1. Condition test on residue 212, is it part of a helix (DSSP H, G or I) and either more than 22 Å from residue 128 (Cβ to Cβ) or within 16 Å of the ligand (Cβ to nearest atom) (or both)?
2. Of all residues being in contact with a helix residue (DSSP H, G or I) (Cβ under 8 Å, 6 or more places away or on another chain) and more than 19 Å from residue 201 (Cβ to Cβ) in region 79-109, which is nearest to the ligand (Cβ to nearest atom)? Just the residue, please.
3. Go through (1) within 16 Å of the ligand (Cβ to nearest atom); (2) out of contact with any strand residue (DSSP E or B) (no Cβ under 9 Å at 6 or more places or on another chain); (3) touching a residue at least 12 places away in the same chain (Cβ under 8 Å) one by one and return the number of the condition residue 175 breaks.
4. Considering each residue of region 190-236, count those that are on the phi > 0 side of the Ramachandran plot and free of Cβ contacts under 8 Å to residues at least 60 places away in the same chain, and give that number.
5. Of the conditions (1) closer than 22 Å to residue 67 by Cβ; (2) within 12 Å of the ligand (Cβ to nearest atom), residue 155 clears all except one; give me its number.
6. So, residue 155, is that one at pLDDT 95 or above and in a loop (DSSP other than H, G, I, E, B) or not?
7. Which one is surrounded by the fewest Cβ atoms within 10 Å (Cβ to Cβ) among residues in region 158-172 that are within 16 Å of the ligand (Cβ to nearest atom) and outside any helix (DSSP H, G or I)?
8. Kindly list the number of the only condition in (1) in contact (Cβ under 8 Å) with a residue 12 or more places away in the chain; (2) out of contact with any helix residue (DSSP H, G or I) (no Cβ under 9 Å at 6 or more places or on another chain) that fails for residue 182.
Ligand code: C5P
């Protein structure tokens, strides 16, 4: 494999095929609570890569620009080089997780509108929530970039909520990362059960990383179920 440029908690970034690309490999390592909880989850890398690739291809077909250039093998992809905007964009359709905890709202409570949140990408600081004027004041992103990321995130939410509902899955909330590539803002990172909350539409069973965070067991099985249903609706 080529030279490692960066090793993250769940992915490794290598030099790409040329100066405009990177190679990303999805790892089996799972972390939570800012790296305090860490385990190897069998097949996680392969499952997340396949789920994310299917979703990125679906989004591209529906007008969203992503970093994905091509799939290399079952855990490895070639992506467009981008300068990551150092904020995580979180979209919420139902109350859950940190939102429920922070605002004292039971998980599953419907929200009168889609919530868009930003948090600073910083392991050192524990990814604190940050608002628009703080982001522009610190020159982390411009007002135009924030608007573009919010609009893209809402469009992605509409596309994916509809797709998952066909698969009998509620897209409760998720996290996106964007990057600057030339003059464009493109979708980077991944969309997988590591970065989304997926609930079975009938039973409300959790099919995502909360199985790992909350020691619910059968983590791999949850991820496999998401992939199986996604393939069914996408028709691959
Ligand atoms: O923890 P919280 O409820 O704020 O997470 C909201 C959503 O963002 C969840 O789907 C979670 O998996 C995702 N997330 C993430 N990476 C983070 C923080 C949150 O993928 N660093």
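1. yes
2. Only one residue tops the list, namely 89.
3. So the condition that residue 175 fails would be (2).
4. Final tally of qualifying residues: 4.
5. For residue 155, the failing item is (2).
6. no
7. 170
8. That leaves (1) as the condition not met.
The values are calculated or read from the model by the stated rules, or taken from the named source; none is laboratory data. None of these values were measured; they are calculated from a predicted model. Neighbour counts are summed over all protein chains in view; Cβ atoms, including those assigned to glycine, are modelled from backbone coordinates with ideal geometry.
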